[in-house]
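A short worksheet on the structure shown next.
The values are calculated or read from the model by the stated rules, or taken from the named source; none is laboratory data. Because the structure is predicted, anything quoted here is derived from the model rather than measured. Because the Cβ atoms are built from the backbone with ideal geometry, glycine has one as well, and the counts that use them run over all protein chains shown. Each accessible area value is taken on the protein alone, full model and side chains, heavy atoms only, with ligands, DNA and RNA left out. Shrake-Rupley method; radii C 1.70, N 1.55, O 1.52, S 1.80 Å.
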Amino acid sequence: QVQLVESGGGLVQAGGSLGLSCAASGSIRSINVMGWYRQPPGKQRELVATMFNGGDTVYADSVKGRFTISRDNAKNTVYLQMNSLHAEDTAVYYCNAASGVLIYWGQGTQVTVSS
């Protein structure tokens with residue numbers, strides 16, 4: 001019933017920028033946290049950034065100062081603006097949302113940064 005759909009992935013040169021978005025649809029309600037994770041090739045999924053209701057944020061050290069997370073709570077949508085991209089940012093990016101004890105995941109979108 002609940003679906004998260006990412007958009008905005010693609011290929012970009014090192015130093016460039018990309019913006020990702022993810023909209024939650026269906027019966028989801030009372031979302032506590034929305035955020036972004038990524039899985040680089042050959043590695044485990046890792047936290048990129050999260051935003052709590054009210055605006056508090058957490059960023060991975062590797063992206064702090066380069067990426068910005070934002071939310072539109074009324075639309076259950078989360079965004080990730082990625083600037084100054086490095087080749088090491090290449091990964092499949094997943095959005096997620098937590099509602100009570102339930103966690104929802106998007107299907108993932110590929111971000112490839114060429115050096």
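If you check S27 against the conditions, is it hydroxyl-bearing (S, T, Y), over 14 Å from S99 (Cβ atoms) and open to solvent by 40 Å² or more (accessible area, probe 1.4 Å)? Working first, answer last.
Details: hydroxyl-bearing (S, T, Y): yes; over 14 Å from S99 (Cβ atoms): no; open to solvent by 40 Å² or more (accessible area, probe 1.4 Å): yes.
Here the answer is no, as S27 does not meet what is asked.
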Checklist outcome for this item: Looking across the range 71-92 at residues that are more than 19 Å from R45 (Cα to Cα) and among the small types (G, A, S), the single one that is nearest to the chain's Cα centre (by Cα) is S84
Checklist outcome for this item: Of the residues in the range 84-106 that are at pLDDT below 95 and in a loop (DSSP other than H, G, I, E, B), the one that is surrounded by the fewest Cβ atoms within 10 Å (Cβ to Cβ) is V101
Checklist entry - Which ones in the range 80-102 are β-branched (V, I, T) and in contact with a strand residue (DSSP E or B) (Cβ under 6 Å, 6 or more places away or on another chain)? => result T90, V92
Checklist entry - Could you say which residue among T109, T68 is modelled with pLDDT of 95 or more, within 11 Å of the chain's Cα centre (by Cα) and open to solvent by less than 40 Å² (accessible area, probe 1.4 Å)? => result T109
Checklist entry - For residues in the range 46-61 being surrounded by fewer than 15 Cβ atoms within 10 Å (Cβ to Cβ) and not aliphatic (A, V, I, L, M), which is nearest to the chain's Cα centre (by Cα)? => result E46
Checklist entry - Going by the structure shown, is G10 on the phi > 0 side of the Ramachandran plot, small (G, A, S) and either touching a helix residue (DSSP H, G or I) at 6+ places or on another chain (Cβ under 6 Å) or at pLDDT 95 or above (or both)? => result yes
Checklist entry - Based on what the data block shows, is Q81 more than 17 Å from I103 (Cα to Cα), out of contact with any Cys (no Cβ under 9 Å at 6 or more places or on another chain), of a type outside the set (G, A, S) and assigned to a strand (DSSP E or B)? => result yes
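Among the residues of the range 1-47, how many are part of a loop (DSSP other than H, G, I, E, B) and polar (S, T, N, Q)?
From the range 1-47, those part of a loop (DSSP other than H, G, I, E, B) are 1-2, 8-9, 14-17, 26-30, 40-45; that's our starting set.
Going one step further and asking which of them are polar (S, T, N, Q), we end up with 1, 17, 27, 30, 44.
Qualifying residue count for the region: 5.
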